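So the structure is just underneath, and the comments pick up after that.
The values are calculated or read from the model by the stated rules, or taken from the named source; none is laboratory data. Keep in mind that what you see is a predicted model, and the values were worked out from it rather than measured. Glycine gets a Cβ as well: all are built from the backbone with ideal geometry, and neighbour counts include every protein chain shown.
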Amino acid sequence: MGAQIDGIGSNLLHITGVKELHGAEHRLLPDMIEVGSFIGMAAMTASEITIKDVSIPDLGVIPDAFRRLGIHVEQRGDDLYVPSQEHYTIESFIDGSIMNISDAPWPGLTPDLLSVLLVTATQAKGAVLIHQKMFESRLFFVDKLINMGAQIILCDPHRATVIGLDNRNKLKHARLTSPDIRAGIALLIAAMSAEGTSVIDNIGQIDRGYEDIDGRLNALGANIKRIND
């Protein structure tokens, strides 16, 4: 558009003002958080899904983070294909110690997907330590998952250990409240995989990050209804 910006790709930008900008055509990148959320949804509901036009080079380590939970994520051109899996096994380190998944600044794993990875791990086989380094309140929704039957130990405000149920025991339906965007989508994923009908309050939090999420998921076969209390 005619701007003069130096230092792109570094942690310091130099911007030189210009008299005017002109029009341009640009295609926005897809939402990497939404892409990761759909991977988790497919795994938790044992569903097959193809996520189109994800801009794979810009996803960074996100697909690999789900692969560490044992989820098959296949690249097909610029699409991601997730097959239906009844069971997925969490990897362990070479010495046999428990898998540790933590967030980090780019190009590390975005903290916005740790909630999705945590809820997805509840139905995996094995155990994983989720370490939320950047925000200390993001794990405080796990009590709601525990009430649904998940096996999670909240170690401190930054760490939670998840013991996967390997789909032997399905989560139970519950009345839930979305505390924030990322916890909200994690609770929606949990409700979609649970037995029975769950109700999620404060869904405006989810809507902030996921446009028409109920309509798009219903198009994939979900059964979600908006209700007014």
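Structure notes:
- For the stretch 151-165, the criterion of being hydrophobic (A, V, I, L, M, F, W, C), more than 23 Å from His72 (Cα to Cα) and in a loop (DSSP other than H, G, I, E, B) is met by no residue.
- Scanning the stretch 78-110 for residues that are within 13 Å of Val128 (Cα to Cα), assigned to a strand (DSSP E or B) and either out of contact with any strand residue (DSSP E or B) (no Cβ under 9 Å at 6 or more places or on another chain) or not hydroxyl-bearing (Ser, Thr, Tyr) (or both) gives Met99, Asn100, Ile101.
- Within the stretch 77-110, tally of residues that are surrounded by fewer than 11 Cβ atoms within 10 Å (Cβ to Cβ) and more than 18 Å from the chain's Cα centre (by Cα): 7
- Positions within the stretch 193-215 being of a type in the set (A, V, I, L, M, F, W, C), assigned to a loop (DSSP other than H, G, I, E, B) and within 24 Å of Ala46 (Cβ to Cβ), in sequence order: Ala194
- The residues in the stretch 201-213 that are crowded, with 16+ Cβ neighbours inside 10 Å and under 21 Å from Met148 (Cα atoms) can be counted, and the count is 3.
- Subset of the stretch 34-59 that is over 24 Å from Ala222 (Cα atoms) and more than 14 Å from the chain's Cα centre (by Cα) - its residue that is surrounded by the fewest Cβ atoms within 10 Å (Cβ to Cβ): Pro57
So that you can scan it fast, the table gives a plain yes or no per residue for (1) of a type outside the set (A, V, I, L, M); (2) in contact with a Ser or Thr (Cβ under 9 Å, 6 or more places away or on another chain):
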{"position": "Ser102", "(1), (2)": "yes, no"}
{"position": "Thr110", "(1), (2)": "yes, no"}
{"position": "Thr120", "(1), (2)": "yes, no"}
{"position": "Lys125", "(1), (2)": "yes, yes"}
{"position": "Ser137", "(1), (2)": "yes, no"}
{"position": "Leu145", "(1), (2)": "no, yes"}
{"position": "Leu165", "(1), (2)": "no, yes"}
{"position": "Lys170", "(1), (2)": "yes, yes"}
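- Screening the stretch 120-150 for residues that are assigned to a loop (DSSP other than H, G, I, E, B) and of a type in the set (Lys, Arg) and picking the one that is modelled with the highest pLDDT gives Lys133.
- So Ile224, is it within 15 Å of the chain's Cα centre (by Cα) and either over 23 Å from Gly108 (Cβ atoms) or of a type outside the set (Ser, Thr, Tyr) (or both): no
- The stretch 18-36 residues that are within 15 Å of Gly60 (Cβ to Cβ), paired with ones that are among the hydroxyl-bearing types (Ser, Thr, Tyr) and in a helix (DSSP H, G or I) (beta carbon under 9 Å, 6 or more apart): Asp31/Ser37
- Residue check for Asp64: exposed (fewer than 13 other Cβ atoms within 10 Å of the Cβ) and within 16 Å of the chain's Cα centre (by Cα): yes
- Selection over the stretch 124-162 of residues that are aromatic (Phe, Trp, Tyr) and either surrounded by 19 or more Cβ atoms within 10 Å (Cβ to Cβ) or at positive phi (or both) gives a count of 1.
- Scan of the stretch 168-200 for residues that are in contact with an Asp or Glu (Cβ under 7 Å, 6 or more places away or on another chain), surrounded by fewer than 18 Cβ atoms within 10 Å (Cβ to Cβ) and not hydroxyl-bearing (Ser, Thr, Tyr), ordered by number: Lys170, Lys172, His173
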